[in-house]
Every structure is written in C-alpha cells, then in structure tokens.
Amino acid sequence: MKIFSKEQIYEGDALTAKKQGITSTDLMERAGTQIFNWLHMRMQGAQVPIHVFCGIGNNGGDGLVVARHLTTHGYNVKTYIVNHSTTRSKDFLNNYERIKNTTKDWPILLNDASELPAINDKDIIVDAIFGIGLNRPVEGWIKQLFNYFRATKAFVLSIDIPSGLATDAAPIDEESVVNAGYTLSFQTPKLVFFLPETAKYTVQWEVLDIGIDPEYLYTTPTEAELIGKNEVLPLYKPREKYSHKGSFGHVLVIGGSYGKIGSVTLASQGVLAIGAGKVTAYTPKCGYIPLQVGFPEAMVITDTDEEKITSIAFDIQPNVIAFGVGVGTDAQTIDAFEAFLNVNKTPLVIDADGINILSKKKALLKLLPENTVLTPHPKELERLLGQWEDEFDKLKKAKAFSKKYKCIIVIKGANTITVFQDKLYVNATGNPGLATAGTGDVLTGIISGLIAQSYDPLVAAIFGVYLHGKAADLLVEDLGYQSFIASHVIEGIPLAYLDLFKQPEQPEIENADSEPKK
C-alpha cells in the first residue's frame, strides 16, 4: 500500500474532482459519509453521547458531514465549532449551512472564553479540528481543549489524522496533539502512524476508501510504501521440482566471540529455515563444539584464535556473507574485518558489531560492495549516522547515507523501515514479542538466506523483514509477548511461508430452505 505525502493527497483530491465531474464539497460529503457509515455499523443506533468537535477548515467540514448524518439517523450528538480563526474554508461553510438546515440544534461555537462541555468517560469524542493542512504549533486554549479530551478519558475518534499532528514533522509539544483511540485515515495511511515519536498519538488506525481516482493511486510513485501480504506475495520465488541444495545458495556467517556463539547459531538457523541450501559458520575455536552439537545442519570453519576473530580466511565460495553477529570490537577483529573488506567481492549483510566497527572506522564504508544490507538497532544506527533531531531527520540522514554508500539500511523497530536511496519500505508485521535478545541475529540469517536464493538484496530485506515479523505474529498468541524468544522465530518461519498462500476464511452461507443447525 502506498503512503502518499500531504501534497500528493491534495493533488489526488483535485484530480479526482476534475475527472469524476464533482465538486470538492461532493468529495467531502463522500468522505464524511464513509466516517458515518463506519460509526453507524458499529453503534447500530446506540444512544451513547457523541461530541463532534469541528475546526473551521476542511477537516472541520468532514466533521460537520458526520454530525449531520448522525443527527438525521437519531443519534445523541452534540456538535461544536472550535473557532480558532476568522478564516473558514469554502467547503466548511457549505457544510455549516447544510447542518443548520437539517436541525434546530445548531453547532455550538467555542472560543477562548467558552465553558467546556461536560463529557463523561463513556462518551465518544469525534476529533475533526485540524487535518493534514496544519502548518503551525497548537497553543493556548486549543491546547487546553486537547488536555481536556485526555482528562475526560472518553474514547476519541480522529478524522484523517489526530489534530495537531503534522504529516511531515514530529510535534515539539506532546500536549499540543490529540491522543486518539482510533484514526480513520482517508485513502492512505500517514507515515507518522509508523514512527516511534508519532505513532503513539493513535492507538489504532484504519484506511477508508473515499473513491480517489484509481489511475492516480496506481501510477503515482510515493516515497514510502506499507509492506503487507499483498506486497510480498509477488516477491516469492517458487521452487522447481528438480532443484537441489546447490540451487538455493550457500551462506557464510562470520561472527561470534567467547560467550556469544549463540548469535552465530541463531543466524545460521535463520539461513536454513528461510530456505538457503547450505550454511557455514566462521567462528573462533570456542564456537566449534557448540555449533556442531547445537546445530548439526551447519558446517563450521574456525579462526586460529580460541576466543575471537583475528583473521578471515576460507576456501569456500559462498553466495553471500553475513558478518557481525556476536563478533565483538576487539582491535584484532577490526583489523581482520578491514583486511577482509579490502579483498571481498561477495554480497554482504552486516549486523551488530559489524555495524559498530563501521561506526568506529567510517573509512571502511567505502569498501562495502554495492547493495550491502545493514541491519542496525536504534543505538547502532545512531553510532552510524550520528544523532538526529527527530524521526524525520533520522530518515533523512538514513536516505542520504544509503545514497552515499549505495547500501540498504534496515532500521529495526516496531515498524521496521527498509531504506534504499530515497525510498522507504515500512513493514506491517511484528509485535513486542520480538523485543528480546537474538531476534536480530535471526533476521540477519533470514535476509542472507534469501540473497543466497538469488533474491535481489533489496527484495531480500523487504521480504525477510516481513516473514520475520509474520513468524512472530503467528506464534505470539499462543506464547505471549513475555515468553517469546528468538528461537521461536525459527519455528514460525514455516508458518509465515504457508500463510502467504492461505486464503481468507469465507463465512458459511446457509440455505434458506435448510433446517437450522442444532
């Protein structure tokens, strides 16, 4: 699913109105009606008090459409105009007249001198105050109104975006943004729904189709895409009947140090679980027995040193090399990595201490093969890029880094984002169960294993991140977040693959002439 920018949304609205021969007010009616239908389907006429707070721009116009339909369908609704300026949009004014012609219970005008209405914790607040066009911080009595919403503990439904939240910048003041329980976003999700600093402003979100021109949606390129099942299914490569282990590549996992051989084991298991034909682990001597006993499917090559990597020499020809899991940052290890990079031509996936070494010696970045995949967690990313001002600055720095060094960056998090040049691929799978040691090592193995199977490195990163998260999603209901461990991801990979081809369950349709089931 494409994630459109604010400017593209405006462009799509205007093009839709032109191509479909409708006015912007008609499009607003369509959008507001979709919000009402969503509410009506769930409430079925229940007389829960609904408080619709409308700004005086187009978002407020959407709110007035919702309020009008709630009124005509007999709901217990109160409508308020948050009168924060003297400027009103044309479509807001059109819908203000429509609601006044519908009911004698006209919207209540609120300003800085108004007494706030009584709202109970069982009530519903519909937030239609500010939309995506907001370009200034929320201050004064509007901020106090947002704090009042929080104090009531009422359920808040935001229209398109929580009021006060910009689409392309993190808020300076947390109190200047509405905290929504649910946001109904028109046609496309907003990037801010997926970033750590801004996702907290809506607990859940859903996209409503308001009939934006299909050709525009299909043909317009976007900076960001949300990656779900529909996006990854076409990436899958089916297997030929007469293929063999050599058909699916060989991964060399270089890593480990004394006390951290488990990370190499987990990465190697990820390689084979995702479908690579062979995996060889390159570790210090202390890793030989643990790997041969704990994961007999892996082959093992050892360094001359007992406890750390001091040289990297092998006589095999892997299709891809994963470096860094558990390897440490000893001076000899850094020297060994530098010597390796000077001669290596094989595709790379670099994680953990491999990234920390690159951060310590940034000159090594110029030695990376094109399309190297880096998989940092937040602190490793900060060491690599330097500090950032907010999430948008972080993404800006990551895109610049990707272009400079022609690499792919997998920014691990609740919604892992894969960055390649100017493109962002936002993953839709995964859960807090993955916040445990070793899951990143498994991801390194997964991405490496996909590259070994001839997946393009960018595709391998996107597909691997999806399968990694889906594996956790399919198991966590039985295991719980707290008890989930990295090995469970390995167990879930087969389920994630099978889920790609699972069809949604269809509800049973009973024959009207048949006997009722007992």
Does residue 349 fit the bill of being buried (at least 23 other Cβ atoms within 10 Å of the Cβ), part of a loop (DSSP other than H, G, I, E, B) and either modelled with pLDDT under 95 or of a type outside the set (Phe, Trp, Tyr) (or both)?
-> no
Give 154, 113 a once-over and let me know the one that is small (Gly, Ala, Ser), touching a residue at least 40 places away in the same chain (Cβ under 8 Å) and at negative phi.
-> 154
When the residues of the stretch 65-89 are filtered to those that are among the basic types (Lys, Arg) and modelled with pLDDT of 95 or more, which remaining residue is nearest to residue 32 (Cα to Cα)?
-> 68
Among the candidates 100, 122, 104, single out the residue that is of a type outside the set (Gly, Ala, Ser) and in contact (Cβ under 8 Å) with a residue 40 or more places away in the chain.
-> 122
Right, residue 59: of a type outside the set (Ser, Thr, Tyr), open to solvent by less than 20 Å² (accessible area, probe 1.4 Å) and over 17 Å from residue 162 (Cα atoms) or not?
-> no
Quick count over the stretch 67-90, residues being touching a residue at least 40 places away in the same chain (Cβ under 8 Å) and within 22 Å of residue 138 (Cα to Cα), is 2
Hey, does the stretch 306-314 have a residue that's of a type in the set (A, V, I, L, M, F, W, C), closer than 23 Å to residue 488 by Cβ and open to solvent by 10 Å² or more (accessible area, probe 1.4 Å)?
-> no
Please tell me if residue 98 is modelled with pLDDT of 95 or more, open to solvent by 30 Å² or more (accessible area, probe 1.4 Å), within 25 Å of residue 155 (Cβ to Cβ) and outside any loop (DSSP other than H, G, I, E, B).
-> no
Are any of the residues in the stretch 352-362 at positive phi and crowded, with 23+ Cβ neighbours inside 10 Å?
-> yes
When the stretch 15-44 is examined, which residues are found to be closer than 24 Å to residue 75 by Cα and among the hydroxyl-bearing types (Ser, Thr, Tyr)?
-> 25, 33
Residues of the stretch 263-302 satisfying the condition of being open to solvent by 50 Å² or more (accessible area, probe 1.4 Å) and assigned to a loop (DSSP other than H, G, I, E, B) = 296, 297
Sort out which residues of the stretch 321-345 are among the β-branched types (Val, Ile, Thr) and either open to solvent by 30 Å² or more (accessible area, probe 1.4 Å) or free of Cβ contacts under 8 Å to residues at least 12 places away in the same chain (or both), and write them in order of number.
-> 329, 343
If you go through the stretch 184-204 one residue at a time, how many are of a type outside the set (Ser, Thr, Tyr) and closer than 14 Å to residue 132 by Cβ?
-> 8
Mind listing just one residue for me: the one in the stretch 140-182 that is of a type in the set (Ser, Thr, Tyr) and assigned to a helix (DSSP H, G or I) and, of those, surrounded by the fewest Cβ atoms within 10 Å (Cβ to Cβ)?
-> 148
Starting from residues that are over 13 Å from residue 449 (Cα atoms) and among the aromatic types (Phe, Trp, Tyr), keep the ones in the stretch 462-481 and report whichever is surrounded by the fewest Cβ atoms within 10 Å (Cβ to Cβ).
-> 481
All-but-one check, residue 260 against (1) over 31 Å from the mean Cα position of the chain (by Cα); (2) part of a loop (DSSP other than H, G, I, E, B); (3) buried (at least 21 other Cβ atoms within 10 Å of the Cβ), failing number (1)
Of the residues 119, 124, which single one is open to solvent by 10 Å² or more (accessible area, probe 1.4 Å) and closer than 22 Å to residue 72 by Cβ?
-> 124
Within the stretch 1-40, how many residues turn out to be open to solvent by 60 Å² or more (accessible area, probe 1.4 Å), of a type outside the set (S, T, N, Q) and not in a helix (DSSP H, G or I)?
-> 2
Single unsatisfied condition, residue 156 versus (1) more than 17 Å from residue 175 (Cα to Cα); (2) modelled with pLDDT of 95 or more | (1)
Filter the stretch 61-85 for residues that are among the hydrophobic types (A, V, I, L, M, F, W, C) and part of a strand (DSSP E or B) and give the result.
-> 77, 81, 82
Identify, from the list 291, 348, the residue that is touching a strand residue (DSSP E or B) at 6+ places or on another chain (Cβ under 6 Å) and under 24 Å from residue 380 (Cβ atoms).
-> 348
Return only the number of the condition from (1) at pLDDT 95 or above; (2) in a loop (DSSP other than H, G, I, E, B); (3) more than 15 Å from residue 178 (Cα to Cα) that residue 112 does not satisfy.
-> (1)
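The values are calculated or read from the model by the stated rules, or taken from the named source; none is laboratory data. Everything numeric in this text was worked out from a predicted model, so none of it was measured. Note: ideal-geometry Cβ built from the backbone for every residue, glycine included; neighbour counts use all protein chains shown. For accessibility, only protein heavy atoms count, side chains too; no ligands or nucleic acids. Shrake-Rupley method; radii C 1.70, N 1.55, O 1.52, S 1.80 Å.
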